[in-house]
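See structure below.
The values are calculated or read from the model by the stated rules, or taken from the named source; none is laboratory data. Because the structure is predicted, anything quoted here is derived from the model rather than measured. These area figures cover heavy atoms from the full protein model, side chains too; ligands, DNA and RNA do not enter into them. Shrake-Rupley method; radii C 1.70, N 1.55, O 1.52, S 1.80 Å.
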Amino acid sequence: MAVAGDSTAVIPAAPGGVAGFVQSPAGRNVLLMVGVAAVLAVMTGVWLWSQQPQYRVLFSNFSDRDGGAIVASLQQMNVPYKYSDGGTAIMVPESQVHDVRLKLASQGLPKGGNVGFELMENQKLGVSQFLEQVNFQRALEGELARSIQALAAVQAARVHLALPKASVFVRDQQKPTASVLLNLHPGRALDQSQVSAIVHLVASSVPELPIKNVTVVDQNGNLLSDTGKKPGANGLDATQLKYVQEVQQSIVKRIESILTPILGASNVRAEATADVDFSTSEQAAEIYKPNGTPNSAAIRSQQSSESQNGGSANASGVPGALSNQPPAPATAPLNAPGAAPNAAQAAPGSAQKDMTVNYEVDKTVRYVQQPMGGLKRLTVAVVVNYRKEVGKDGKVTMKPLTDAEKVQITDLVKEAMGYSKDRGDSLNVVNSPFASEEKEAEPEVPLWKRPEAIPLGMVVGKYLLGALIIAYLFFAFLRPMLKKITSHFAPPKEDKKEEEDEDAIVQIGQHQGGEKDETQLLEQETKQRTYHDNLEAAKQLAKSDPKIVANVVKAWVGGNE
């Protein structure tokens, strides 16, 4: 404390140790610099966080061996990566996904869990024939598994081949067999045609492997290939059902396409039912017709023979035998009129004629083969909406079609569907008003709830949050600290007016009776500080003890008077 009227001031001793260093001007400067460095570090971290790229999946569902090889290649290429989904996926920055995939593909990564024919590239010298056969079988199984995994619905596949040893005896020869285990993607399934394609793929890749010896099983243990059942044996062949659906859809499409320009796009509906015959039949017949008249029949061959024997005057009968009957009396004159003189002496002759005729036999040979997929019967139903008419007042009314229009539409539908009366086709065209569909007003989805706006909002929010944090740190901490540092290192600026103000404050403090000690202490402190420090000290004093400041102001006002 200072004595009243004494011009010298007593400087209080500064505390020693860390507390004293902190309260000293040098300590405060060091703390300000440390604070500035901390704020800059936080701002830099926020900036780097806001600039962090988005990561996308590079590869997933890979084996441990492929995962190690991929990570090693990424480290060599200095590509940042991280794991996701429990370590089952490797993620890289979005801008480098395609580039990294191409580079890894050039290195043969990922290879997959199966080993293909590259196993035969590193054959060691002196390998036995048994090991060569085992390696060949492993390579063939791996190549088949890779081919099956190329299907969209197959996630992973394993192939097991049983290749018997070749035998010189025919009766001891055995056919190879194959088993395929499929691991399908979640929510995926294979139809019968796809399973059949896998079976044929495996059977065609292994010599002498019949189709019936290939078994396909999924990850749930379901048998997908039933080789003992013939396709279509139970009438539920998927290919045939698909063909029927295609025929029906084709007929409906033709009907709607020809009626749409007349009635409008939403004024006609058609459905068709096709009865398709998938049975195949073959018929061979030989038909023989009865022979016609000889004049109309065709002669194939004809043969005739004729023989004739002349009369003889020699005696006939048994030589040396006499007749036991007397000669009959003559009933005719010996010499008939007009007869030759020697006619009684001539004997009649004998003639023979044979003829054989062969006619062609009528024969018809017919061979008929009826292909499957023929239409047995076709049934079509068509519904046509009433015609819209706009009145003079602008009111829309629905009116039925006229009989002529119905006949015209029926004829068009018959031509489009290929109507056949002999086949027993059926067509029904109905003109009826359509029921109007009441559409419920869907509430408009807010922008922040739309799926396409969520990723964009996350990116924008990330950058905005980083900018706000950096701005807050700058204006709240960094800028005041920099001002304090620059004010401490700036040279003191004092003029005569400031010195007069300081002297006036000291004199006013000395003339105050009740506040004598406080003004003396204020005088001592103001003499030891620069103008900026004095101003700061006056502000702090005004906040801590406003009575002193009020007395000083009163003294100033009284002095001016």
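Mean separation of Cα pairs under 8 Å and 6 or more residues apart, divided by the residue count, gives segment 152-277 a relative contact order of 18 percent.
When you restrict to C-alpha pairs under 8 Å that are six or more residues apart and normalise by the size of segment 66-211, the relative contact order lands at 15 percent. The accessible-area ordering, largest first, of the residues Val380, Val127 stands as Val127, Val380, per a 1.4 angstrom probe. Put Trp556, Trp47 in order of accessible area, highest first, and with a 1.4 Å probe you get Trp47, Trp556.
Karplus-derived 3J(HN,Hα) values for segment 143-148, using 6.51 cos²θ - 1.76 cosθ + 1.60 with θ = phi - 60°, are 5, 5, 5, 5, 5, 6 Hz; glycine and proline are entered as x. Put Tyr472, Tyr55 in order of accessible area, highest first, and with a 1.4 Å probe you get Tyr472, Tyr55. Relative contact order, whole percent, for segment 153-225 stands at 33, derived from Cα pairs under 8 Å and 6 or more residues apart. For Gln155, nonlocal amide neighbours, meaning residues 5 or more places apart or on other chains whose placed amide H falls under 5 Å from its own, are Asn183, Leu184, His185. The share of accessible area on segment 345-437 that comes from carbon and sulfur is 49 percent, using a 1.4 angstrom probe. Per residue, the accessible area of segment 37-171 comes to 66 Å², computed with a 1.4 Å probe over protein heavy atoms only.
Taking all protein chains together and rolling a 1.4 Å probe, Val557 ends up with roughly 80 Å² accessible. Between the amide H of Asp425 and those of Leu378, Ser420, distances stay under 5 Å, these residues lying 5 or more places away or on another chain, with hydrogens modeled in the peptide plane.
Computed with every protein chain present, the accessible area of His200 is close to 80 Å² [probe 1.4 Å].
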